[in-house]
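Have a look at the structure below before the remarks.
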Amino acid sequence: MGTDAAQRLRIAVVGLGPIGLEVARHVVGDPMLSLSGLVDIDPKKQGKRLEDFIEGVRDSDVTIMDDVEALSDTDVVILCTASYFDRIAPTLRMLMRKKANVVSSCEEMAWPWLNNPHLADVINNEAIAAGVTLVGTGVNPGFVMDVLPVALSSMTLNVTKVRVVRVVDALTRRLPLQRKIGSGMTVEHFNKLAKQNQIGHMGIGESVTMLAQGLGRHPMRSEVKISLRPVIAERSIESAMGTVEPGEVCGMHNVGKWSDETLEIELDLTMALAAREPRDEITISGDRTITTIIPGSTPGDTATVASLVNVARIVHRAGPGLKTMLDLPVVGSR
């Protein structure tokens, strides 16, 4: 039995890179959802339709617009644009005026109080006044290195240490990620960009903080220690970026730490081309030790799409305001 169009959740997608396009494809293929709008700043995409970019997608009468101000009749906006919370704040404000809930892949929005505490408080108050819910989600941050360890810790009565190791083979990931982790760069170039905070995967500080908050602690930004180093290719590697030669950068090693007198948190993330032993490994230590391993690691791109779509279905249950994944009920696949 089909679903009446009036009963479908109306979803717009803003930002049509690889993730945004896949989100839109899943929305139009889901009988419980309705695609209400598409927005991208790329002039080459504007005026076109989803089927112009994704082979096999069913016909859609939704054309790509250049401005979120043109959106209407939307329940939830899935926002896949910038990684920095202050950069998406103007867009959030425009969407709040339209009474739209927002689910975003913005890494800083996973725990926006870490780097933008005042702005996060202001946006939270504005969202409450508008009666809408805003949340940042994804695989990492948003699940593997924060929400999942918090859930696992509920099976113990006392936690003294949490260590998460995530190793991702970037050959299995989209081109923008391979570029973001420095593939093909010289070590000197990587280190220069790292000092300027212009390279690497974002969100490990947000994950450290969210995990600590989920365990009842409240870290200060200055207490969260983050390091970022290049991973060097030991052999020639063929990638979407071309051939990466020995001695060139083939990825990044990112570590986030925080501790107090009762708890130690260590998040160890490697994203590299042809990385050895890809996996997600979570160890909860305390009155009991719990170790969970996901062989191959959680598939980042498809899982990001799934997280955005599944959270969009239930985001309103968290109540109005700027929320995190710790505030939402358990999100299951539909």
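We did not get these values from a lab; they are worked out from the coordinates using the rules stated. Since this is a predicted model, take the numbers as computed values, not measurements. All Cβ positions, even for glycine, are placed from backbone atoms using ideal geometry, and neighbour counts span all protein chains on display.
For the pair the range 274-295 and the range 56-82, the centres of their Cα atoms are 38 angstrom apart. Straight-line cross-link partners of Lys180 among the aspartates and glutamates, defined as a Cα under 19 Å from its Cα and at least 8 positions apart when in the same chain: Glu107, Glu108, Asp169, Glu188, Glu206, Glu238, Glu245, Glu248, Asp268, Asp301. Among the GluC sites (Glu not before Pro) in the range 55-160, those placed in a DSSP loop whose Cβ has at most 12 other Cβ atoms within 10 Å are Glu55. The GluC sites (Glu not before Pro) found in the range 243-272 that occupy coil by DSSP, while having at most 11 further C-beta atoms within 10 Å, are Glu261.
Largest first, the three principal axis extents of the alpha carbons in the range 147-297 are 50, 33, 22 Å in whole numbers. Ordering of 112-124, 305-317, 289-301 by packing is 305-317, 112-124, 289-301, highest average first (other Cβ atoms within 10 Å, averaged per residue). Taking the Kirkwood radius as Rh and the Cα radius of gyration as Rg, the range 164-228 has a ratio of Rg/Rh equal to 1.04.
Holding the Cα-Cα limit at 29 Å, pick out from Lys45/Lys99; Lys45/Lys225; Lys45/Lys323 the pairs that are longer than that. Over 29 Å apart, Cα to Cα: Lys45/Lys225; Lys45/Lys323. Note on Lys161/Asp42: beta-carbon distance plugged into 1/(1 + (r/R0)^6) with R0 of 45 Å gives a FRET efficiency of 0.50. Each Cα pair under 8 Å and six or more residues apart adds its sequence gap; the mean of these over the residue count of the chain is a relative contact order of 20 percent.
The modelled label-to-label distance for the pair Asp327/Leu215, using points 7 Å beyond Cα in the direction of Cβ, is 2.4 nm.
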